[in-house]
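Visitor: Have a look at this one.
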Amino acid sequence: MEVEFMTADTTLPPCMPLPRAMLRLPISSTAKVMYARMLDIVFLSGIEDANGILFIHFPIMELAAALARSTMTVKRSLNELEDAGLILRVRQGFGEPNKIYVLIPKKGGQPLMNEKLEALNQEIEKTEKKLRRAQHEEKILEHQIKTLTRKERTHRLCTRAAMLESYLPHPEAITDEQVSLFLKLLFHKDSTRQLMEKVFGGNDDFQGRGRRPETAMIAFRAAARGLPL
């Protein structure tokens, strides 16, 4: 397509009409272009019904070809226009195209996008922004909680490892495997389990979050089962 600059004497090429009120209507751009195309056809070759009202026939396949859009997009845009009260489709017999009445803004009437609808759309936009911000903040908090949990566990491991090492003779000369074997043998003893129950028995988490002590002891022995003597 060739183009040129405009001057005061330039003649406009054939154009499609589009009421200015349509620009502010909350429908897709495809629906707006479709409305302009159908309105153009009404002016050029509209058909009068028995009441003298103009309508057109514009099958979906022809609309899709005229707008270079898929039939699914065309159907969705037609529904948008119908929901907005800009077109009225009257179904005909089987195999016959629908009658499409194109409605236009009434002169001197209220604009299609009245103040109440505009305020509602603005409120929806604000709410969506708040929701996105809340979701972002939630992700940040989740990340911070995970980081704190890792730090707490690292601190706990370091503190208790230091406690254990303080009771080992010459810890620098002991291997990790030896420490692991020592702990397995130690915690496999009944006397050790009894001592743990005596020392930590008042802790709900140790007893299985509120379970009876004997139930917690069964779980403990099951975990220790199979360890070497």
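The values are calculated or read from the model by the stated rules, or taken from the named source; none is laboratory data. Just so it is clear, the model here is predicted, and its values are computed rather than measured. Positions of Cβ are generated from backbone atoms using ideal geometry, with glycine treated the same way; all protein chains shown enter the neighbour counts.
Visitor: Somewhere in region 67-78, is a residue at pLDDT 90 or above and more than 30 Å from residue 125 (Cα to Cα)?
Guide: yes
Visitor: Would you tally the residues in region 118-167 being within 22 Å of residue 26 (Cβ to Cβ) and among the acidic types (Asp, Glu)? Step through it out loud before you land on a result.
Guide: Quick first cut of region 118-167, residues within 22 Å of residue 26 (Cβ to Cβ) only: 118-132.
Then drop every residue that is not among the acidic types (Asp, Glu), which leaves 118, 123, 125, 128.
Final tally of qualifying residues: 4.
Visitor: How about region 86-100: which of its residues are assigned to a strand (DSSP E or B) and under 37 Å from the mean Cα position of the chain (by Cα)?
Guide: Within region 86-100, 87, 88, 89, 90, 100 qualify.
Residues checked against (1) surrounded by 18 or more Cβ atoms within 10 Å (Cβ to Cβ); (2) closer than 22 Å to residue 106 by Cα:
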site: 39; (1), (2): yes, yes
site: 47; (1), (2): no, yes
site: 69; (1), (2): no, no
site: 74; (1), (2): yes, no
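Visitor: With respect to residue 223, determine if the residue is at pLDDT 85 or above, among the aliphatic types (A, V, I, L, M) and either under 48 Å from the mean Cα position of the chain (by Cα) or exposed (fewer than 10 other Cβ atoms within 10 Å of the Cβ) (or both).
Guide: No, not satisfied.
Visitor: What tally of residues in region 31-57 results from selecting those that are assigned to a loop (DSSP other than H, G, I, E, B) and in contact with a Lys or Arg (Cβ under 8 Å, 6 or more places away or on another chain)? Explain how you work it out, then say what you get.
Guide: Keep residues of region 31-57 that are assigned to a loop (DSSP other than H, G, I, E, B), which gives 46, 49-53, 57.
Remaining after also requiring in contact with a Lys or Arg (Cβ under 8 Å, 6 or more places away or on another chain): 49, 57.
The qualifying residues number 2.
Visitor: Applying the selection to region 11-25, what residues are surrounded by fewer than 14 Cβ atoms within 10 Å (Cβ to Cβ) and either under 30 Å from residue 124 (Cα atoms) or among the charged types (D, E, K, R) (or both)?
Guide: Listed by number, the residues that qualify are 20, 23, 24.
Visitor: Taking into account only those residues within region 12-30 that are outside any helix (DSSP H, G or I) and not hydrophobic (A, V, I, L, M, F, W, C), which is modelled with the highest pLDDT?
Guide: Among those that are outside any helix (DSSP H, G or I) and not hydrophobic (A, V, I, L, M, F, W, C), it is 28.
Visitor: Let me ask another. Would a scan of region 13-28 turn up a residue that is hydroxyl-bearing (Ser, Thr, Tyr), over 13 Å from residue 78 (Cβ atoms) and without any contact (Cβ under 8 Å) to a residue 60 or more places away in the chain?
Guide: no
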